[in-house]
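Here's the structure we're looking at; comments come further down.
The values are calculated or read from the model by the stated rules, or taken from the named source; none is laboratory data. Note that the structure is predicted; figures quoted are calculated from it, not measured. As a convention, Cβ positions derive from the backbone with ideal geometry for all residues, glycine included, and neighbour counts pool all protein chains shown. Only protein heavy atoms, including side chains, enter the accessible area calculation; ligands, DNA and RNA are left aside. Shrake-Rupley method; radii C 1.70, N 1.55, O 1.52, S 1.80 Å.
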Amino acid sequence: FLDRLADLFSRMLDDSPGGAATERLLVRAEELGASLSAARAGRLRVSIARTRYRDAAQVVEAIRAGIEGDAQRAAKTLSEQAALLLAIAERADKRATEIDRRLERADGVSRDLLVQTMNDERGVAGQARYLAAWSLLYRGAVARSPADLQQAERLFIDMLGGRDGALTPREVSEDLRSDESFASAVLGRALVKARTGGFAESARWLALLETRDTFPAVRDNIVGWRMVAALDALAFKDARAAFAALVGRD
């Protein structure tokens, strides 16, 4: 029953519009998390962190657009969520490793259940690191923190298959760009590069997402993200060109 209730809370949080009702839902979800098994609690806590990240990121986007917002509060929220998500990922990885060791002694249905649980744990770890990277990216932007941007970049590189913190555009899998999280990680690296390496470097990463097989929701918004990257890099001529390309679109 608690597992089904956790799934329901996760769906409700993902669909929540924000505001006071969402805050009450978050409080109840956190209370429920204390009663769940480690694996199920991890998934629910990722949903909770995703909701808080989403609200804070919207504040940062509004500030970027010239709308007043509480930048200090958004930065604090993003910092807290990034730390929480990285801790969730570390615990999930540890549980997955422990399960992997037990597989040698299991067989039949027991082995199949362990494999499923191990994959679930790795999925939680992957989702948590993905959200932590975006939380750090937004915090780096609103707090003007190079350290947060560098940490976000390292996480994005790991997600994209880089080794020892290094990755070039030509090394990025084209087939995997059809996956939403993978494509979004490429986008995240591009936005980090806009602030740390300039617009020309950012544009090299954005160009990877213009292929037909890229996840549609990411590919179709590249023109808008190109304008964002140009503005972040203070490349105003490129930003005006991207803006002109957006004219007439919804």
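Descriptive notes on the structure:
- Extended-chain gain in nm, criterion 0.36 nm per residue less alpha-carbon gap, Phe243 and Ala62: 63.4 nm
- In the assembled protein chains, Arg50 presents an accessible area of approximately 70 Å² (probe radius 1.4 Å).
- Summed residue charge, Cβ within 10 Å of Ile88's Cβ, Lys/Arg positive, Asp/Glu negative: +2
- Note, ³J(HN,Hα) from phi for the range 178-194, Karplus 6.51, -1.76, 1.60, rounded to Hz, x at Gly and Pro: 6, 8, 4, 5, 5, 4, 5, 5, 4, 4, x, 4, 4, 6, 4, 4, 4
- Mean sequence separation of contacting Cα pairs (under 8 Å, at least six apart), scaled by the length of the chain, corresponds to a relative contact order of 12 percent.
- A DSSP coil position with no more than 12 other Cβ atoms inside 10 Å describes none of the chymotrypsin sites (Phe, Trp or Tyr not before Pro) in the range 203-250.
- Theoretical gain in end-to-end length, Ala83 to Glu174 [0.36 nm per residue, Cα-Cα removed]: 29.7 nm
- Length gained when the stretch Glu31-Asp107 is fully extended (0.36 nm per residue, less Cα-Cα span): 23.7 nm
- The range 22-146: relative contact order as a whole-number percent, Cα under 8 Å and 6+ apart: 30
- Here the range 70-92 and the range 190-209 have alpha carbon centers that stand 24 Å from each other.
- Under DSSP loop assignment and at most 16 Cβ neighbours within 10 Å, longest GluC sites (Glu not before Pro)-free interval of the chain: 69-173
- When the square roots of the Cα gyration tensor eigenvalues are ordered a ≥ b ≥ c, the ratio a/c for the range 158-250 is 1.5 or more and a/b does not exceed b/c, which makes its shape oblate.
- The range 123-178: relative contact order as a whole-number percent, Cα under 8 Å and 6+ apart: 25
- Karplus 3J(HN,Hα) series, Hz, for the range 134-151 with 6.51 cos²θ - 1.76 cosθ + 1.60 (x for Gly, Pro): 5, 4, 5, 4, 5, 5, x, 6, 6, 9, 6, 10, x, 5, 5, 5, 5, 5
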